[in-house]
Amino acid sequence: MTGFSIHPTGAALGAEIRDIDLRTPCDAETLVALRAAWLDHLVLVFRDQNITEDDQIRFAEHFGETVGARSKDRTDGGDRRLMLISNIRENGEPIGLLPDGELMFHSDSVFLEKPLLGAMLYAEEIPSTGGNTMFANMYDAFDALPEKLQERLSGLQAVNVFDYETQVRTGRFDRAKAPHATHPAVRTHPETGRKALYVNRLMTEEFVGLDAGDSDALLGTVLAQAENMDHVYEHVWRVGDLVMWDNRCTQHARKDFPGNERRLLRRVGLEGDRPY
Ligand code: SIN
């Protein structure tokens, strides 16, 4: 018996999973049902959990191989299969990545040959206001485009670049230093077979084979659709939330929050495939 219940958020994606305790391992039947719910709703929210780092890793491993932090990203001696996302500072240095304020829409690690399949964030400390994470449904974003634009985009590749120090991009990254990868502008989800828009504001710089003017204009049109609030679920964090997202068909962004309040989340990534 799976036992849990599924409560859709009412937005374009996302469902809350209730009546499950992530401190204990899931049985095979529960896992099959959770995976199906994940593929249906793209983002799953588990409220009021009280899990250790080991619990979080064990839960993540139910869904694939975990990808953790680079050595320089986790200097507190904790388990490097987990990455900290935090503005807390020790000796003046943030203890985690992506520390402060707003973070533009992106898909995780799309600047690598094999971007993450998905990821899970667990909330340890949350500011009294702000810092909500917005998740956008890229199936819906693609489906909402005019057919001619869908056809044009389906034949295009896009270059994705990222500098780990940047959360709000204002210009081009230096590709000599910043990791980058070229991927289809529209990807096919390997499990559902559905098409998802696969360009984002933080990391996608240009379409291959278009001149700069055409590329910028097209990117502007497509990003407006990707970020249309009709496709978005906004998660208001509480301590003890675990949120997992399918990185192949969603993108996410963070809203600003007070710099003098602590925010600490633990993230585990799941290894992905090369998009097609
Ligand atoms: C992330 O993009 O992994 C971090 C999102 C957040 O801090 O809300």
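The values are calculated or read from the model by the stated rules, or taken from the named source; none is laboratory data. What you are looking at is a predicted structure, and each value in this text was computed from that prediction instead of being measured. Positions of Cβ are generated from backbone atoms using ideal geometry, with glycine treated the same way; all protein chains shown enter the neighbour counts.
Below, the figures for the structure above:
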{"read-out": "Test result for L223, surrounded by fewer than 21 Cβ atoms within 10 Å (Cβ to Cβ) and within 13 Å of L145 (Cα to Cα)", "value": "yes"}
{"read-out": "Conditions (1) in contact (Cβ under 8 Å) with a residue 12 or more places away in the chain; (2) over 25 Å from I20 (Cα atoms); (3) out of contact with any Ser or Thr (no Cβ under 9 Å at 6 or more places or on another chain); number of the one not met by V239", "value": "(2)"}
{"read-out": "Of all residues making up the range 90-108, the number that are more than 10 Å from the ligand (Cβ to nearest atom) and closer than 27 Å to D55 by Cβ", "value": "3"}
{"read-out": "Selected residue [free of Cβ contacts under 8 Å to residues at least 60 places away in the same chain, crowded, with 17+ Cβ neighbours inside 10 Å and aromatic (F, W, Y)] from F105, F111, F135, F162", "value": "F162"}
{"read-out": "Members of the range 38-60 found to be over 17 Å from the mean Cα position of the chain (by Cα) and without any contact (Cβ under 8 Å) to a residue 60 or more places away in the chain, listed by number", "value": "T52, D54, D55, R58"}
{"read-out": "Lone unmet requirement of (1) away from the ligand (no atom under 16 Å from the Cβ); (2) touching a residue at least 40 places away in the same chain (Cβ under 8 Å) for E227", "value": "(1)"}
{"read-out": "Any hit, the range 206-217, residues being in contact with a Phe, Trp or Tyr (Cβ under 6 Å, 6 or more places away or on another chain), of a type outside the set (S, T, Y) and either part of a helix (DSSP H, G or I) or under 18 Å from F162 (Cβ atoms) (or both)", "value": "no"}
{"read-out": "Failed item in (1) more than 23 Å from R248 (Cβ to Cβ); (2) of a type outside the set (S, T, Y); (3) surrounded by 17 or more Cβ atoms within 10 Å (Cβ to Cβ), with E125 passing the rest", "value": "(3)"}
{"read-out": "Candidate set: the range 5-25, residues that are touching a helix residue (DSSP H, G or I) at 6+ places or on another chain (Cβ under 7 Å) and part of a loop (DSSP other than H, G, I, E, B); chosen: the one farthest from Y233 (Cα to Cα)", "value": "P25"}
{"read-out": "Residue check, M120 touching a residue at least 60 places away in the same chain (Cβ under 8 Å), within 16 Å of the ligand (Cβ to nearest atom) and more than 22 Å from G96 (Cβ to Cβ)", "value": "no"}
{"read-out": "Candidate set from the range 123-139 (those that are in a strand (DSSP E or B) and away from the ligand (no atom under 11 Å from the Cβ)); member that is farthest from F257 (Cα to Cα)", "value": "N137"}
{"read-out": "Residue satisfying condition, being over 18 Å from the mean Cα position of the chain (by Cα), at pLDDT 95 or above and either within 16 Å of the ligand (Cβ to nearest atom) or over 22 Å from P8 (Cα atoms) (or both), within set T250, T182", "value": "T182"}
{"read-out": "When residues of the range 147-182 are limited to those that are assigned to a strand (DSSP E or B) and out of contact with any Phe, Trp or Tyr (no Cβ under 6 Å at 6 or more places or on another chain), the one nearest to H106 (Cα to Cα)", "value": "V159"}
{"read-out": "Residues of the range 260-276 satisfying the condition of being of a type outside the set (D, E) and either within 14 Å of the ligand (Cβ to nearest atom) or within 10 Å of the chain's Cα centre (by Cα) (or both)", "value": "R262, R263, L264, L265, R266, R267, V268, G269, L270"}
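This table checks each residue for (1) in contact with a strand residue (DSSP E or B) (Cβ under 8 Å, 6 or more places away or on another chain); (2) surrounded by 14 or more Cβ atoms within 10 Å (Cβ to Cβ); (3) at pLDDT below 95.
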position	(1), (2), (3)
G14	yes, yes, no
D19	yes, no, no
Q49	yes, yes, no
K72	no, no, yes
E90	no, no, yes
